[in-house]
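The structure appears below as structure tokens.
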Amino acid sequence: MTAPATDSPTTQRPKVGTELLALRGVTKHFGAVAALTGIDLTVHAGEVVALVGDNGAGKSTLVKVLAGVHAADSGTISFEGQDVRIHSPADAQDLGIATVYQDLALCENLNVVENLFLGQELRPARLDDVSMEVKAWELLRQLSAKIPTVRIPVASLSGGQRQTVAIARSLLGAPKIIILDEPTAALGVAQTAEVLNLVERLRENGHGVIMISHNMADVLAVADTVAVLRLGRNNGFFTVGDVSIEQIIAAITGATDNAVTQRASRRDPATPETEAPPDATTDSTRDATTDAGESDDTASARDDSSSNPTALTSEKE
Ligand SMILES: Nc1ncnc2c1ncn2[C@@H]1O[C@H](COP(=O)(O)OP(=O)(O)O)[C@@H](O)[C@H]1O
Ligand SMILES: [Mg+2]
């Protein structure tokens, strides 16, 4: 009995730890808005990097820079040690960077095979159904995916299965980096577990994965490293295993002690005394918005006399 020619994890697994992608000082403005400032990010083969940050932190912009939707204004991007320019989606695809956007962009009425090959049919003039179906199963097998048949419309698949189809489609161009934008955001517990399994398959197959997520449990469950963005800048890199949820949240919010981190620490299952009600003397009223919630509104409200308490007292005199 011979081993299958393809898909053998031992022969396919590349040198895990090879640097695939490195961003240095990447900056992107939209008019006066500095969406990204001096961003560094490194992704290795066989590594899952969680990209986290509050709304407006710059996650989507960073993904779009890597996907070739927006060109960076400055900074360098190197891919497998070579400086590269990513100025179009075709550039990203040629390098081997695939992106699965949150909306998945699947056609409900088409079946799994049709969705996988939409726009890139193996033989545009005369579709080779058999080859496409064989390739479809090969892609799904790489992900150990649980799809009963590839001839059912996507409309009848679960959320996790749809994510599977979208990820499988991203593998068609044999990418090295796969970017997943909130892959579990819309999913229940069981389907989330299914998708996290897919992410682990990608890592085992030697892909570098960038996963945007708001769910810290998912991040700690599947990521190797965590890159935090805040207000368009790097605000911390962590190794999973050395970091707590509170530490990540503190980096996301830019505060070390606020309502969000206090809630998180009270609920931390690692803390043995979580059974006890929270201590009434806990300083839970400390202002959480001091830093995290700063916006243009609060900044402009602080100008002139309102920010200068001595101005009022001197007027009285
Ligand atoms: N196309 C755009 N035009 C102008 N401003 C944008 C555009 N895309 C994003 N921004 C701004 O860039 C900042 C980062 O946004 P974004 O990358 O979407 O953050 P995130 O995905 O982390 O929520 C925000 O201030 C946002 O308003
Ligand atoms: Mg976004």
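Every read-out reported here was derived from the displayed coordinates using simple, explicitly stated rules and does not represent laboratory data. Just so you know, these numbers come straight off a predicted model, no measurement behind them. Every residue, glycine among them, receives a Cβ derived from its backbone with ideal geometry; neighbour counts consider all protein chains shown.
Listing for the model above:
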item	result
Label-point separation, Ala32 to Thr149 (7 Å along Cα→Cβ), nm	5.9
Chain lengthening between Val130 and Lys15 when straightened (0.36 nm per residue, less Cα-Cα)	38.1 nm
In nm, spacing of pseudo-spin labels at Ala174 and Ala221 (7 Å Cα→C-beta vector)	3.3
Difference of contour (0.36 nm per residue) and Cα-Cα distance, Leu231 to Gln120	36.2 nm
Set of segment 166-207 residues, backbone N closer than 18 Å to the point 7 Å along the Cα-Cβ line of Trp137	168-169
Restricting segment 16-119 to trypsin sites (Lys or Arg not before Pro) in coil, as DSSP defines it, with at most 15 other Cβ within 10 Å	Arg85
Cα gyration tensor, segment 7-114 - rounded (a/c under 1.5), prolate or oblate	oblate
Charged-residue dipole, Cβ positions (Lys, Arg, Asp, Glu), segment 43-136 about Cα centre, Debye nearest 20	120
Spatially proximal lysines relative to Lys64 (Cα-Cα < 22 Å; intrachain offsets below 8 disregarded)	Lys28, Lys176
Loop sites in segment 106-203: GluC sites (Glu not before Pro), DSSP, at most 13 other Cβ within 10 Å	Glu108
Simple label model, 7 Å out from Cα along Cβ direction - Gln102 to Ala71, nm	2.8
Translational diffusion of segment 156-203, µm² s⁻¹ [Kirkwood Rh, Cα pairs; Stokes-Einstein; 4 °C; 1.567 mPa s]	118
Span from the segment 166-238 Cα centroid across to the segment 27-82 one, whole angstrom	15
Whether segment 137-245 is rounded, prolate or oblate, judged on the alpha carbon gyration tensor where a/c under 1.5 counts as rounded	prolate
Global geometry of segment 54-197, whether rounded, prolate or oblate, following the gyration tensor of its Cα atoms and the 1.5 cut on a/c	oblate
Taking Arg201, Arg141 and counting other C-beta atoms within 10 Å, the order from fewest to most	Arg141, Arg201
